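The structure appears below as structure tokens.
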Amino acid sequence: MDKSNKIAFGGGCHWCTEAVFQSLLGVKKVAHGFVASLNENNSFSEAVIVFFNPKIISLDILIEIHLHTHKSTSQHAMRKKYRSALYTYSKDQKIKTAQIIKHLQSNFNKKIITKILDFKEFKPSLVQHQNYYYSNPEKPFCKKFINPKFQFLLSHFSKQINLEKLHS
């Protein structure tokens, strides 16, 4: 698969991040697990790799959705485990990602703290933790943390939502 058709996202819990991206039209696959970068960011942090069709959903929209569906403007004590990051696969993708974030900054009241990092390594989650939302939609965690993200997506990104998947 073309490296430009995938990007990794770190933010909050990977159950939430996975569910958000699984629900989008043009997303072919979401790999759920832990991603490491280089240097001071070489420890593994919860993240997902999103494989997408850029003819259906753009990198711009994926990044915008990511920034709006986790705490992309606030530091907190759990940032090592839940690094707010975009892990890129090429120099061109890194440059484009930086341009997108710079452009989107005007949509936020606070400074976006999301880091743009080089993708280095991925470790998948245990099988029983993958596809968490769609396997457990009635669990309290899903209702409390993931359903509000879907409400946001439906009100702000309805054209990008796979309604059949969301209501399955």
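Overview of results
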{"quantity": "LYS96 charged (D, E, K, R), touching a Leu at 6+ places or on another chain (Cβ under 8 Å) and at pLDDT 95 or above", "calculated": "yes"}
{"quantity": "Residues of the stretch 44-55 satisfying the condition of being in a loop (DSSP other than H, G, I, E, B) and surrounded by 16 or more Cβ atoms within 10 Å (Cβ to Cβ)", "calculated": "PHE44"}
{"quantity": "Extreme residue, nearest to the chain's Cα centre (by Cα), among residues of the stretch 71-87 that are of a type outside the set (A, V, I, L, M) and farther than 19 Å from GLN105 by Cα", "calculated": "TYR82"}
{"quantity": "Scan of the stretch 123-140 for residues that are out of contact with any strand residue (DSSP E or B) (no Cβ under 7 Å at 6 or more places or on another chain) and in a loop (DSSP other than H, G, I, E, B), ordered by number", "calculated": "LEU126, ASN131, ASN136, PRO137, GLU138, LYS139"}
{"quantity": "Residue check for HIS32: out of contact with any Cys (no Cβ under 8 Å at 6 or more places or on another chain), at pLDDT 90 or above, of a type outside the set (A, V, I, L, M, F, W, C) and crowded, with 17+ Cβ neighbours inside 10 Å", "calculated": "yes"}
{"quantity": "Residue within the stretch 141-157 that is part of a strand (DSSP E or B) and touching a residue at least 12 places away in the same chain (Cβ under 8 Å) present", "calculated": "no"}
{"quantity": "Hits in the stretch 1-43 (condition: of a type outside the set (D, E, K, R) and part of a helix (DSSP H, G or I))", "calculated": "SER4, ASN5, HIS14, TRP15, CYS16, THR17, ALA19, VAL20, PHE21, GLN22, ASN39, ASN41"}
{"quantity": "Tally, over the stretch 89-122, of residues that are part of a helix (DSSP H, G or I), surrounded by 15 or more Cβ atoms within 10 Å (Cβ to Cβ) and polar (S, T, N, Q)", "calculated": "2"}
{"quantity": "Any pair with Cβ under 9 angstrom, 6 or more apart, that starts in the stretch 93-112 at a residue that is hydroxyl-bearing (Ser, Thr, Tyr) and ends at one that is part of a helix (DSSP H, G or I) and surrounded by 12 or more Cβ atoms within 10 Å (Cβ to Cβ)", "calculated": "THR97/LEU59; THR97/ILE63"}
{"quantity": "Residue list for the stretch 74-88, restricted to those being hydroxyl-bearing (Ser, Thr, Tyr), part of a loop (DSSP other than H, G, I, E, B) and either surrounded by 13 or more Cβ atoms within 10 Å (Cβ to Cβ) or free of Cβ contacts under 8 Å to residues at least 24 places away in the same chain (or both)", "calculated": "TYR82, SER84"}
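Per-residue answers, yes or no, for (1) within 14 Å of THR114 (Cα to Cα); (2) under 12 Å from the mean Cα position of the chain (by Cα); (3) modelled with pLDDT of 95 or more:
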position: ALA8; (1), (2), (3): yes, yes, yes
position: VAL50; (1), (2), (3): no, yes, yes
position: SER58; (1), (2), (3): no, no, yes
position: ILE61; (1), (2), (3): no, yes, yes
position: THR69; (1), (2), (3): yes, yes, no
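The values are calculated or read from the model by the stated rules, or taken from the named source; none is laboratory data. Remember, predicted model here, so these are calculated numbers, not experimental data. Note that each Cβ is placed from the backbone with ideal geometry, even for glycine, and that neighbours are counted across all protein chains shown.
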